[in-house]
Ligand code: HSE
């Protein structure tokens with residue numbers, strides 16, 4: 001039996017669109033077991049009743065990539081999914097499914113593929129590296145490109161906790177990407193390049209004054225904020241409660257707030273601001289975790 005644990009992730013961090021992502025201490029568990037025949041998928045936890053149990057399941061599709069690449073597969077497969085990462089709110093649930101499926105399948109076959117190859121497969125499936133890379137590798141990842149052109153590094157951070165608030169509004173990533181212009185001005189591109197570099201330095205130094213000025217974006221948030229009800233009110237509530245910076249988590253609808261202190265108060269303030277606007281919401285204070293997905297093998301294979 002193979003047990004995979006994969007962390008949630010928050011991508012972009014404001015200006016670092018498709019390039020920055022961090023692993024958070026909220027985990028999905030995936031259990032893989034070889035069986036004599038058939039495909040059996042059990043799902044519990046977040047939106048369990050809506051997820052497919054057949055070959056179209058994202059975890060299985062990822063596993064299938066590994067089986068195809070290696071040219072071997074178990075005769076039958078049982079997959080049990082315990083989902084704790086909310087789905088459709090910008091916390092990397094699809095990246096966790098992809099990374100979990102790839103790792104589970106690879107472990108079942110005796111680990112023929114390196115983490116590097118698995119990362120490339122994951123980026124190809126997701127289309128961008130900023131959730132899958134930290135889900136697999138942990139910490140803050142700066143990544144750019146895909147396939148042959150993928151360049152990435154992991155940045156060691158001082159202990160960091162982030163506030164995540166999600167309104168009960170699902171934003172499909174595809175839809176949030178469709179809203180973005182295909183071309184941007186040189187001014188906006190230059191603005192984001194500089195701000196992205198500054199965000200990484202601010203996080204690395206734990207410099208919240210710098211972060212406050214650095215975490216601004218012109219490439220995606222101005223177009224996406226209208227998908228998030230009460231966006232302005234929630235950002236303001238977070239700032240008033242002590243957040244240095246607030247950004248859309250991935251493609252949304254969740255928001256992430258960074259602050260040196262008062263995390264619980266900020267979480268409550270953000271949740272209440274959503275609720276005041278009539279939107280049920282949840283909020284967490286989560287640590288950034290240095291370790292990415294883990295694989296545990298137990299019992300007879
Ligand atoms: N960088 C991606 C986006 C993350 O913002 O569309 C999606 O989870």
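The values are calculated or read from the model by the stated rules, or taken from the named source; none is laboratory data. What you are looking at is a predicted structure, and each value in this text was computed from that prediction instead of being measured. Backbone-built Cβ (ideal geometry, glycine too); neighbour counts: all protein chains shown.
Per-residue answers, yes or no, for (1) away from the ligand (no atom under 16 Å from the Cβ); (2) over 17 Å from residue 137 (Cβ atoms):
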{"residue": "5", "(1), (2)": "yes, no"}
{"residue": "11", "(1), (2)": "no, no"}
{"residue": "18", "(1), (2)": "no, no"}
{"residue": "27", "(1), (2)": "yes, no"}
{"residue": "30", "(1), (2)": "yes, yes"}
{"residue": "33", "(1), (2)": "yes, yes"}
{"residue": "41", "(1), (2)": "yes, yes"}
{"residue": "56", "(1), (2)": "yes, yes"}
{"residue": "68", "(1), (2)": "yes, yes"}
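Across the range 19-41, the qualifying residues are those that are surrounded by 21 or more Cβ atoms within 10 Å (Cβ to Cβ) and within 17 Å of residue 154 (Cβ to Cβ), and the one among them that is farthest from the chain's Cα centre (by Cα) is 19. Pairs are defined by a Cβ separation below 7 Å, a sequence spacing of at least 6 or placement on different chains, a first member in the range 75-89 that is at positive phi, and a second member that is surrounded by fewer than 20 Cβ atoms within 10 Å (Cβ to Cβ) and not in a strand (DSSP E or B); the pairs so defined are 88/170; 88/172. Restricting attention to the range 1-15, does a residue exist that is at pLDDT 95 or above, crowded, with 22+ Cβ neighbours inside 10 Å and out of contact with any strand residue (DSSP E or B) (no Cβ under 7 Å at 6 or more places or on another chain)? Yes, that holds for at least one residue.
With respect to residue 136, determine if the residue is without any contact (Cβ under 8 Å) to a residue 60 or more places away in the chain, within 18 Å of residue 20 (Cα to Cα) and more than 13 Å from the ligand (Cβ to nearest atom). For residue 136, the condition - without any contact (Cβ under 8 Å) to a residue 60 or more places away in the chain, within 18 Å of residue 20 (Cα to Cα) and more than 13 Å from the ligand (Cβ to nearest atom) - is not met. Looking only at the range 245-281, which residues are surrounded by fewer than 21 Cβ atoms within 10 Å (Cβ to Cβ) and either within 16 Å of the ligand (Cβ to nearest atom) or outside any loop (DSSP other than H, G, I, E, B) (or both)? Within the range 245-281, 264, 265, 268, 272, 275, 276 qualify.
Scanning the range 94-121 for residues that are touching a residue at least 60 places away in the same chain (Cβ under 8 Å) and surrounded by fewer than 24 Cβ atoms within 10 Å (Cβ to Cβ) gives 94, 107, 108.
So, in the range 228-244, of the ones that are part of a loop (DSSP other than H, G, I, E, B) and away from the ligand (no atom under 16 Å from the Cβ), which residue ends up farthest from residue 278 (Cα to Cα)? Quick ask: steps written out before the conclusion?
Let us first name the residues in the range 228-244 that are part of a loop (DSSP other than H, G, I, E, B), namely 228-230, 241-244.
Next, only the ones that are away from the ligand (no atom under 16 Å from the Cβ) stay: 229-230, 241-244.
Values: 229: 9, 230: 9, 241: 20, 242: 23, 243: 23, 244: 26 Å.
Top of the filtered list is 244.
Among the residues examined, residue 261 qualifies as free of Cβ contacts under 8 Å to residues at least 40 places away in the same chain, outside the structural domain of residue 86 (by TED's automatic domain parsing) and either closer than 20 Å to residue 24 by Cβ or in contact with a helix residue (DSSP H, G or I) (Cβ under 9 Å, 6 or more places away or on another chain) (or both). Residues in the range 178-227 that are out of contact with any helix residue (DSSP H, G or I) (no Cβ under 6 Å at 6 or more places or on another chain), within 16 Å of the ligand (Cβ to nearest atom) and not in a helix (DSSP H, G or I) were compared, and the one that is nearest to residue 245 (Cα to Cα) is 217.
So that you can scan it fast, the table gives a plain yes or no per residue for (1) under 20 Å from residue 89 (Cβ atoms); (2) touching a strand residue (DSSP E or B) at 6+ places or on another chain (Cβ under 8 Å):
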| position | (1), (2) |
| --- | --- |
| 214 | no, yes |
| 221 | yes, yes |
| 232 | yes, no |
| 235 | yes, yes |
| 240 | no, no |
| 277 | yes, no |
| 280 | yes, yes |
| 283 | yes, yes |
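What are the residues in the range 162-177 that are closer than 23 Å to residue 236 by Cα and part of a helix (DSSP H, G or I), if any? Explain how you work it out, then say what you get.
Going through the range 162-177, the residues closer than 23 Å to residue 236 by Cα turn out to be 162-171, 176.
The answer is 176, and nothing else.
Candidates are the residues of the range 86-128 that are in contact with a strand residue (DSSP E or B) (Cβ under 6 Å, 6 or more places away or on another chain) and closer than 14 Å to residue 32 by Cβ; the one that is nearest to the ligand (Cβ to nearest atom) is 99.
What number of residues in the range 128-154 are farther than 30 Å from residue 237 by Cα and in a strand (DSSP E or B)? If you could, list the steps in order and put the result at the bottom.
Going through the range 128-154, the residues farther than 30 Å from residue 237 by Cα turn out to be 128-129, 132-133, 136-137, 143-154.
From the residues that got through so far, the ones that are in a strand (DSSP E or B) too are 143-144, 151-154.
Counting residues in the range 128-154 that are farther than 30 Å from residue 237 by Cα and in a strand (DSSP E or B) gives 6.
Can you find a residue that is touching a residue at least 40 places away in the same chain (Cβ under 8 Å), within 14 Å of the ligand (Cβ to nearest atom) and in contact with a helix residue (DSSP H, G or I) (Cβ under 8 Å, 6 or more places away or on another chain) anywhere in the range 144-162? No: the range 144-162 contains no residue that is touching a residue at least 40 places away in the same chain (Cβ under 8 Å), within 14 Å of the ligand (Cβ to nearest atom) and in contact with a helix residue (DSSP H, G or I) (Cβ under 8 Å, 6 or more places away or on another chain).
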